[in-house]
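*Asks:* Handing you a structure now.
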Amino acid sequence: MSESARILDAIRRLVRHLRLADRAAQSELGISGAQLFVLAELGKTPALSLNEVAALTRTDQSSVSVVVSRLVDAGLITRERYTRDARRLVLDLTPSGRAVLDRAPAVPQEQMLRAMDRLPSAERKHFADLLTALVEELGAEPGPAPMLFEDDRKGKARGERGGRTVKGEDDAAK
């Protein structure tokens, strides 16, 4: 197999893996894979600011803000003033958010980050440079990218559409 074929095959496999994980999160939990990624970070460290969530998810603040708003609307996280500094807004899981996270499968974005972090720094930089050059050569839209598959969603979190609730929400309220 040529190098180009290997690269294209690897990209196809990666996109398919991420798409299937996103669909599984939607069908099993009622949330997107991006929303699950944010929930997972808040599950590890409570009382995070939006900027801290953006840093932990390696995502632009404006992209994370969209996902956070959907999670707040769905009742899975809260956005409140920090008790020690009223200028700061912090995000936390609600009991419903914790119930969803407790049933969640592995988060593929976390797996990818761990795998990339294990690469030697020089290889990681080279990989980033090559992938960025490929994306630019393809003419992809410039600027911060939305979280994976989140740009396909319009409006509120799935749990708020059509009167349906997020899976696990009723269990957490009991």
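The values are calculated or read from the model by the stated rules, or taken from the named source; none is laboratory data. Keep in mind that what you see is a predicted model, and the values were worked out from it rather than measured. All Cβ positions, glycine included, derive from the backbone under ideal geometry; neighbour counts span all protein chains shown.
*Asks:* Which residues, counting only those in the range 120-139, are over 24 Å from residue 19 (Cα atoms) and surrounded by 11 or more Cβ atoms within 10 Å (Cβ to Cβ)?
*Replies:* Of everything in the range 120-139, those that are over 24 Å from residue 19 (Cα atoms) and surrounded by 11 or more Cβ atoms within 10 Å (Cβ to Cβ) turn out to be 123, 125, 126.
*Asks:* Still on this structure, I have one more. Of the residues 92, 60, which is in contact with a Gly (Cβ under 9 Å, 6 or more places away or on another chain) and over 24 Å from residue 23 (Cβ atoms)? Reasoning before the result, please.
*Replies:* Working: 92 fails: in contact with a Gly (Cβ under 9 Å, 6 or more places away or on another chain).
Of the residues listed, the single one that is in contact with a Gly (Cβ under 9 Å, 6 or more places away or on another chain) and over 24 Å from residue 23 (Cβ atoms) is 60.
*Asks:* Same structure, new question: Is there a residue in the range 155-167 that is at pLDDT 90 or above, within 23 Å of residue 35 (Cα to Cα) and exposed (fewer than 14 other Cβ atoms within 10 Å of the Cβ)? Please lay out each step first, then the result.
*Replies:* Keep residues of the range 155-167 that are at pLDDT 90 or above, which gives none.
No, the range 155-167 contains no residue that is at pLDDT 90 or above, within 23 Å of residue 35 (Cα to Cα) and exposed (fewer than 14 other Cβ atoms within 10 Å of the Cβ).
*Asks:* Could you check the range 1-118 for helices (runs of 4 or more DSSP H) lying wholly inside it with 1 or more residues that are crowded, with 19+ Cβ neighbours inside 10 Å and within 12 Å of the chain's Cα centre (by Cα)? Quick ask: steps written out before the conclusion?
*Replies:* Values: elements: 3-29, 33-44, 50-56, 61-73, 95-102, 108-118.
The qualifying helices (runs of 4 or more DSSP H) are 3-29, 33-44, 50-56, 61-73, 108-118.
*Asks:* Identify, by number, the condition in (1) closer than 30 Å to residue 84 by Cβ; (2) of a type outside the set (Phe, Trp, Tyr); (3) in contact with a Phe, Trp or Tyr (Cβ under 7 Å, 6 or more places away or on another chain) that residue 33 doesn't meet.
*Replies:* So the condition that residue 33 fails would be (1).
*Asks:* Looking for something β-branched (Val, Ile, Thr), within 20 Å of residue 148 (Cβ to Cβ) and at pLDDT below 95 - is there at least one such residue anywhere in the range 23-32? Break it down stepwise before answering.
*Replies:* Pass one, the range 23-32, residues β-branched (Val, Ile, Thr): 31.
Narrowing further to those that are within 20 Å of residue 148 (Cβ to Cβ): 31.
Those still in the list that are at pLDDT below 95 too: 31.
Checked the range 23-32: at least one residue is β-branched (Val, Ile, Thr), within 20 Å of residue 148 (Cβ to Cβ) and at pLDDT below 95.
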